[in-house]
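Structure first, commentary second.
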Amino acid sequence: METPCISGSARFTIHHTAIAVTDLAASAQAYGILGFQSSGKVVDPVQKVEVVLLRCGNEPGIELVKPIGEDSPVSGFLSRNGPGPYHICYEVDDLDSAITLLRRNGFVQVSDLCPAQAFDGRRICFLFNRDMGLVELLEMKT
Amino acid sequence: MEDSIVREKVKRIMARLFKIDIADIPDEMAQENLKQWDSLMHLNLVVEIEREFKVSLEPGQIGRMTSLQAVCRILQNELQDRNP
């Protein structure tokens, strides 16, 4: 378990870095060179993405994210930047409090809370900060 | 706040973010008609609007802010809810 960052009563632990990609298999193979092991593909119709999770020991994971269709939020990022880091996901023990804390500090909540297919239905939320980019919050397992 | 003041403030933010002259922003401007107004710039626009007007917008509102008119309408509703 990583040591969390603590802000007030909220604890933020890096869970994974999401990488936007155009070819899940090719990217998983490339990360395999670095020693990452990949899980099976998960389709998330809510987020309009296909996802493969990569793990290497106890390090925070990597989430390969491929858009489904042109209206996926990831499509614009890929066309603008090509494959690369898309967001960092932080695991939090109290999702609602963490969202409130970030919104009070200039973060914009860009998605409603929803269950994530790739994380056992745990709730996630995306927020945006001008100086950090996109951030995902994932509620801790109960 | 008067509609015209809200619209002018939003136009000033858009002109700065989109790097266009404020005179080139018609009242009818929409996201689909301006290449610079992509998904990332939309989020930056929302950040600036929240900061300027001291409001906190919900994800559904952010998704509906696809034109200057929609931005101003949603903002006015927020401002009136705050100061009825």
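Return the residues of the stretch A:6-34 that are among the polar types (S, T, N, Q) and free of Cβ contacts under 8 Å to residues at least 40 places away in the same chain; say none if nothing qualifies. Listed by number, the list holds a single entry, A:29. Annotation: residue A:134 fulfils all but one of (1) part of a helix (DSSP H, G or I); (2) among the aliphatic types (A, V, I, L, M); (3) closer than 19 Å to residue B:57 by Cβ; (4) within 14 Å of the chain's Cα centre (by Cα); the unmet one is (1). The residues of the stretch A:51-86 that are in a strand (DSSP E or B), touching a Phe, Trp or Tyr at 6+ places or on another chain (Cβ under 7 Å) and within 14 Å of another protein chain (Cβ to nearest Cβ) amount to a single one, A:86. Checking each residue in the stretch B:19-30 for being within 18 Å of residue B:70 (Cα to Cα), out of contact with any Lys or Arg (no Cβ under 9 Å at 6 or more places or on another chain) and either of a type in the set (Gly, Ala, Ser) or surrounded by 15 or more Cβ atoms within 10 Å (Cβ to Cβ) (or both) picks out only B:30. Among all residues of the stretch A:91-99, there is none that is exposed (fewer than 15 other Cβ atoms within 10 Å of the Cβ) and either within 14 Å of another protein chain (Cβ to nearest Cβ) or under 24 Å from residue A:48 (Cβ atoms) (or both). Checking every residue in the stretch A:18-36 against the condition of being surrounded by fewer than 18 Cβ atoms within 10 Å (Cβ to Cβ) and either assigned to a strand (DSSP E or B) or modelled with pLDDT under 90 (or both) gives zero matches.
Every residue, every condition in (1) within 14 Å of chain B (Cβ to nearest Cβ); (2) out of contact with any Ser or Thr (no Cβ under 9 Å at 6 or more places or on another chain); (3) in contact (Cβ under 8 Å) with a residue 12 or more places away in the chain; (4) under 25 Å from residue B:55 (Cα atoms), yes or no:
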position	(1), (2), (3), (4)
A:104	yes, no, no, yes
A:113	yes, yes, yes, yes
A:131	yes, yes, no, yes
A:135	yes, yes, yes, yes
A:139	no, yes, yes, no
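Taking every residue in the stretch A:60-80 that is over 13 Å from residue A:50 (Cα atoms) and buried (at least 18 other Cβ atoms within 10 Å of the Cβ) and pairing it with any residue that is among the aromatic types (Phe, Trp, Tyr) and modelled with pLDDT of 90 or more, at least 6 positions away or on another chain, the pairs with Cβ-Cβ distances below 7 Å are A:62/A:31; A:62/A:36; A:77/A:86.
Restricting attention to the stretch B:28-66 and to residues that are more than 7 Å from chain A (Cβ to nearest Cβ) and polar (S, T, N, Q), the residue that is farthest from residue B:11 (Cα to Cα) turns out to be B:61.
Quick grid of which residues meet (1) of a type outside the set (Lys, Arg); (2) part of a helix (DSSP H, G or I):
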{"position": "B:20", "(1), (2)": "yes, no"}
{"position": "B:28", "(1), (2)": "yes, no"}
{"position": "B:32", "(1), (2)": "yes, yes"}
{"position": "B:40", "(1), (2)": "yes, yes"}
{"position": "B:43", "(1), (2)": "yes, yes"}
{"position": "B:51", "(1), (2)": "no, yes"}
{"position": "B:57", "(1), (2)": "yes, no"}
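Would you point out the residue of the stretch B:31-84, among those that are touching a residue at least 12 places away in the same chain (Cβ under 8 Å) and among the acidic types (Asp, Glu), that is surrounded by the fewest Cβ atoms within 10 Å (Cβ to Cβ)? Top of the filtered list is B:32.
The values are calculated or read from the model by the stated rules, or taken from the named source; none is laboratory data. Only a predicted model underlies this, so the values are computations on that prediction, with no experimental measurement involved. Using ideal geometry, Cβ is built from the backbone for each residue, glycine included, and neighbour counts are taken over all protein chains shown.
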